[in-house]
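**Student:** Okay, handing you the structure first.
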Amino acid sequence: MSTLTTEQVYNWLADVKDPEVPVLSILDLGIVRDVAVSETDGQTSVTIKITPTYSGCPAMDVIAIGIRMAMAGHGIQHLTIAPQLSPAWTTDWMTEDGKRKLKEYGIAPPNRKAFAALGLFESDDVECPRCNSHNTALVSQYGPTSCKALYKCEDCKEPFEHFKCH
Amino acid sequence: MTLPYVLRLADDAIIIGHRLSEWCGHGPILEQDIALSNAALDHLGRARSLYQYAAELFNNMPEAEKKEVFTSVSLQNLVNAGSSLDEDNLAYLRDGWDFKNVLLVEQPNIDWAYTVARGLFFDAFNYFYFSALTKSTDTTLAAIAEKSLKEVTYHLRWSSEWVIRLGDGTDESHAKMQKAIDEMWMYTGELFTPVAYETAMQQQGQAPDLKLIQQQWMERITTVCNEATITLPAGTWMQQGGKEGRHSEHLGYILTELQFMQRVYPGMAW
């Protein structure tokens, strides 16, 4: 255990999935902010800093349990998971690979740089993840989870979810 | 002065979150029902961060001072037994007079127009307030503000659109929207009237200047109401007291429901 590297920990974290969007790992999502490994008297300690996507995101507790399970599975006995609020999470931290996986899963990925403010009654130009049409309409800016909005495609007529830019 | 200030922000968040959650299962259409549940969750998340911070501040106080902070019997019992407090104790074991939320957030939903009128007033306040609070010299508060601001931006957009949609809608929706704005108006003054702990925090650079927030808020409310063809109320008499623990009777009913499980089954866990 004395040769544990932060790189190894990151490899393990790649197996921890977002419980609400199970095709994404927490690394794809960009919520792991820091990993530190330290040795004291032959004991290996790992500290992992994670940041919530939304303040009330109920997945955060489940994600913390997922991290604990993964680290325990690799024999890590001394683990600290610390929340970090600032800088606040943005969809810009989602990896390109993560955006591709989202689209394949049927969720339109965030498509513009975060926080380019929209005016009232304006909505994003969002591509339908099924038929790639841009002829889509916002149904509601709030969806089944905090991070998603509801859209429908006017061409293939399918409803779909859009991971909001944030 | 930081503890009462943090509790005030936390109490605003949990009480508006509770009010919005009352719409769950009762919204006019599914998408709007979901929208309010989402917003309620954002507020609850902010309340948790703030209560966790408040508990930390309390637990670090000198023992003698701790006994002076709360008058609620259930909390006093814990403190006298030498227990430290956590976020749940603060949310579930304080009585109404220890709550410091503004009166606006405890006002009942009544109907859709009242809900969006209260929403517009409070969301616009939150938007400008948290924008300023990101510059607080208190780094924990600044971080919570930074996180919340993104969510509040969505809330404000949602409530502004609804006030415009109803105000500039049919004769009936216009009349209902105007009435709701008129009746909620007297609860807006308290947002901008500082109490002692707010003034102390502001002087130390930890809290925003309410005069500036009021100007920004008034400008935004005027813009939205103009577009909604709503006449801004002329009334200048404003109800006060929430930030110092003097509440309308509505808060008692909210707490009865919100705190029921922990009061009847103390310390119960999922």
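**Student:** For the range B:25-161, would you read off the P(r) tail past 21 Å as a percentage of all alpha carbon pairs? Please report the intermediate quantities before stating the final value.
**Tutor:** Working: 4846 of 9316 pairs.
Every Cα pair in the range B:25-161 considered, those over 21 Å come to 52 percent.
**Student:** How high is the FRET efficiency between residue B:84 and residue B:203 when r is their beta carbon distance and R₀ equals 25 Å, given to the nearest 0.05?
**Tutor:** On the way: r = 30 Å, r/R0 = 1.19.
With a Förster radius of 25 Å, E is 0.25.
**Student:** Turning to a different aspect of this structure: Students often forget the sequence filter, so: which aspartates and glutamates lie under 17 Å Cα-Cα from residue B:100 once same-chain residues fewer than 8 apart are removed?
**Tutor:** Partners within reach: B:11, B:12, B:68, B:87, B:88, B:190, B:198, B:244, B:249.
**Student:** Something else now. How far apart, in nm, are two points set 7 Å out from the Cα along the Cα-to-Cβ line at residue A:135 and at residue B:263?
**Tutor:** According to this spin-label approximation, the distance is 5.8 nm.
**Student:** Report the paramagnetic label zone for residue B:218: residues of the range B:108-144 whose backbone N is under 16 Å from a point 7 Å from Cα along the Cα-to-Cβ axis.
**Tutor:** B:125
**Student:** If you don't mind, another one. Where a Cα-Cα gap under 21 Å defines reach, which lysines qualify for residue B:147, not counting those fewer than 8 residues away within the same chain?
**Tutor:** A:49, A:113, A:148, A:164, B:135
**Student:** What do you get when you divide the Cα radius of gyration of the range B:2-264 by 2.2 N^0.38 Å, with N the number of residues? Before the final figure, lay out the partial values.
**Tutor:** Working: Rg = 18.3 Å, N = 263, 2.2 N^0.38 = 18.3 Å.
The reported ratio for this selection is 1.00.
**Student:** Report, to one decimal in Å, the Kirkwood hydrodynamic radius for the range A:6-83 based on all distinct Cα pairs. Intermediate results must be reported in sequence, preceding the final value.
**Tutor:** Numbers: mean 1/r = 0.0787 Å⁻¹.
By the Kirkwood definition, the hydrodynamic radius is 12.7 Å.
**Student:** Counting helices only, and only those DSSP H runs with n ≥ 4, report the 222 nm mean residue ellipticity of the protein assembly as shown as the sum of -39,500 (n - 2.57) divided by its residues, in deg cm²/dmol to the nearest 500. Before the final figure, lay out the partial values.
**Tutor:** Values: 17 runs with 217 residues, N = 436.
One gets -15500 deg cm²/dmol as the mean residue ellipticity at 222 nm.
**Student:** Which is farthest toward the positive dipole end of chain B among B:83, B:137, B:50, measuring Cα position about the Cα centre, with Cβ charges +1 (Lys, Arg) and -1 (Asp, Glu)?
**Tutor:** Of the options given, the answer is B:137.
**Student:** Give me the percent of Cα-Cα pairs in chain A that sit more than 19 Å apart, rounded to a whole number.
**Tutor:** Values: 8014 of 13695 pairs.
Above the 19 Å cut-off, chain A has 59 percent of its Cα pairs.
**Student:** Turning to a different aspect of this structure: Where does the range B:1-94 land on Rg/Rh, using Cα atoms and the Kirkwood Rh?
**Tutor:** Values: Rg = 15.9 Å, Rh = 14.3 Å.
We get a ratio of 1.11 for the range B:1-94.
**Student:** Run the quick spin-label model on residue A:78 and residue B:226: label points 7 Å from Cα toward the beta carbon, then report their separation in nm to one decimal.
**Tutor:** The two pseudo-label positions are separated by 6.3 nm.
**Student:** Using the Cα centre of chain A as the reference point, and only Cβ charges (+1 on K/R, -1 on D/E), how large is the resulting charge dipole? Debye, rounded to the nearest 20.
**Tutor:** It comes to approximately 180 debye.
**Student:** What does the charge count around residue B:71 come to, taking other residues whose C-beta lies under 11 Å from its C-beta (Lys +1, Arg +1, Asp -1, Glu -1)?
**Tutor:** -1
**Student:** Here is a follow-up. For chain A, return all DSSP H helices satisfying: extent of Cα atoms along own axis at least 15 Å; mean Kyte-Doolittle hydropathy at least 0.0. Show your work: numbers first, answer last.
**Tutor:** Values: long enough: A:59-73 (21 Å, 1.45).
Once both thresholds are applied, what remains is A:59-73.
**Student:** Another question, if that's okay. In terms of the Cα gyration tensor, with a ≥ b ≥ c the square roots of its eigenvalues, is the protein assembly as shown rounded because a/c is under 1.5, prolate because a/b exceeds b/c, or oblate?
**Tutor:** It comes out oblate by the Cα gyration axes.
**Student:** So if we plug the beta-carbon distance of residue A:43 and residue A:97 into 1/(1 + (r/R0)^6) with R0 = 35 Å, what FRET efficiency do we get, rounded to 0.05?
**Tutor:** Details: r = 34 Å, r/R0 = 0.98.
Efficiency computed from Cβ-Cβ geometry: 0.55.
**Student:** Ok, one more. In the protein assembly as shown, what cysteines have no partner Cβ closer than 4.7 Å?
**Tutor:** A:57, A:147, A:165, B:24, B:225
**Student:** Same structure, new question: Given an 8 Å cut-off on Cα distances and at least 6 residues of separation, report the relative contact order of chain A as a percent.
**Tutor:** Numbers: 286 pairs, mean separation 30.3, N = 166.
For chain A, the relative contact order is 18 percent.
**Student:** Same structure, new question: Note down the magnitude of the dipole of chain B about its Cα centre, charges +1 on Lys and Arg C-beta and -1 on Asp and Glu C-beta and zero elsewhere, to the nearest 20 debye.
**Tutor:** Numbers: 21 positive and 35 negative charges, 67 e Å.
Dipole about the Cα centre, nearest 20: 320 debye.
**Student:** Given the range B:200-270 reduced to its alpha-carbon atoms as identical point scatterers, what log10 I(q)/I(0) does the Debye formula return at q = 0.13, 0.15, 0.27 Å⁻¹?
**Tutor:** Reported log10 I(q)/I(0), two decimals: -0.77, -0.88, -1.15.
Readers should treat all values here as calculations from the given coordinates under stated rules, not as data from a laboratory. All values derive from a computational prediction rather than experimental measurement. So basically every Cβ, Gly included, is an ideal-geometry build from the backbone, and we count neighbours across all protein chains shown.
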